[in-house]
1. Rank 128, 18, 109 by how far each Cα sits towards the positive end of the charge dipole of the stretch 14-159 (+1 on Lys, Arg Cβ; -1 on Asp, Glu Cβ) and give me just the farthest.
2. Can you run the Rg to Rh ratio on the chain? Use alpha carbon positions and the Kirkwood inverse-distance Rh.
3. How much net charge surrounds residue 96 when only the other residues with a Cβ under 12 Å from the Cβ of residue 96 are counted, with Lys and Arg +1 and Asp and Glu -1?
4. What does the charge dipole of the stretch 109-148 about its Cα centre add up to, to the nearest 20 debye, if the Cβ of each Lys and Arg holds +1 and the Cβ of each Asp and Glu holds -1?
5. Given a cut-off of under 8 Å on Cα pairs at least six residues apart, what relative contact order in percent is computed for the chain?
6. Report, in debye and to the nearest 20, how large the dipole of the chain comes out about its Cα centre when Lys and Arg carry +1 and Asp and Glu carry -1 on their Cβ.
7. How much accessible surface area, in Å² rounded to 10, belongs to the heavy atoms of residue 179 with a 1.4 Å probe?
8. Would you mind working out the magnitude of the charge dipole of the stretch 6-62 relative to its Cα centre, with +1 at each Lys and Arg C-beta and -1 at each Asp and Glu C-beta, to the nearest 20 Debye?
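The values are calculated or read from the model by the stated rules, or taken from the named source; none is laboratory data. Everything numeric here is computed off the predicted structure, so don't read it as measured data. Counting neighbours? That spans all protein chains shown, and the Cβs are built from the backbone with ideal geometry, glycine included. Protein only, heavy atoms only, side chains kept; ligands, DNA and RNA dropped before computing areas. Shrake-Rupley method; radii C 1.70, N 1.55, O 1.52, S 1.80 Å.
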Amino acid sequence: MSLGRPVIVFDTETTGCTGQDRVVSLGAVRLDAALEPEGTLHLVFAPGMRCHFGAYRVHGMSDAYLAGQPGFAEHAGEVAEFFGGALGCAHNMAFDRRMLGGEFDRLEMARPWSGELCTMLAWRRARPGERSGLAHASAACGLSREGSLHGALEDAWLAANLLRALHGLAPAPMRLHGFTNEQVGDMAA
């Protein structure tokens, strides 16, 4: 099965859920046109604002830790190059488009993907009546998070494997790694 072009499956962790909130981490998995993994990107950012308590409970990155990281602007070019105009895909594309797109909008840069695909909506079409959250859809495919916290790269891998499952492909081994741009710091500090 092929989508006819490369796909970047991505996930963001954020300071909260409003339009004013910021991205604190980005995980992305590049899939080729046949949905085979080609590479990953995993970055952490200083958001310039405090995280809402609920967001901190989801991702576990403290304000002190995030304050010591580089800002999104320092890596916007790297993110744009990694996406390279590929089809953008996320499990809740409406949310991730708003959050990551907002970071590019603030910098007056074009969004680095062309076309969009939402695995949550695709799952709902393929499996009407079933729970469609990432954890539930992944579990239906025999996949799960390694821990209780959400990590952007792990969630991007889960969504990539969900996309593969929706196209009749077996899960690809997840290649998880730390942030490639991380400054020294303890996430919980």
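1. 128
2. Details: Rg = 15.7 Å, Rh = 16.6 Å.
Reported Rg/Rh, Kirkwood definition of Rh: 0.95.
3. Numbers: positive: 97, 98, 111; negative: 11, 13, 103, 116, 155.
Once all neighbours under 12 Å are counted, the net charge is -2.
4. Numbers: 6 positive and 3 negative charges, 25 e Å.
Using only the charged Cβ atoms, the result is roughly 120 debye.
5. Details: 364 pairs, mean separation 53.8, N = 189.
Computed value for the chain: 28 percent relative contact order.
6. Values: 16 positive and 21 negative charges, 145 e Å.
The dipole magnitude comes to about 700 debye.
7. Accessible area of residue 179: about 40 Å².
8. Values: 4 positive and 6 negative charges, 75 e Å.
In total the dipole reaches around 360 debye.
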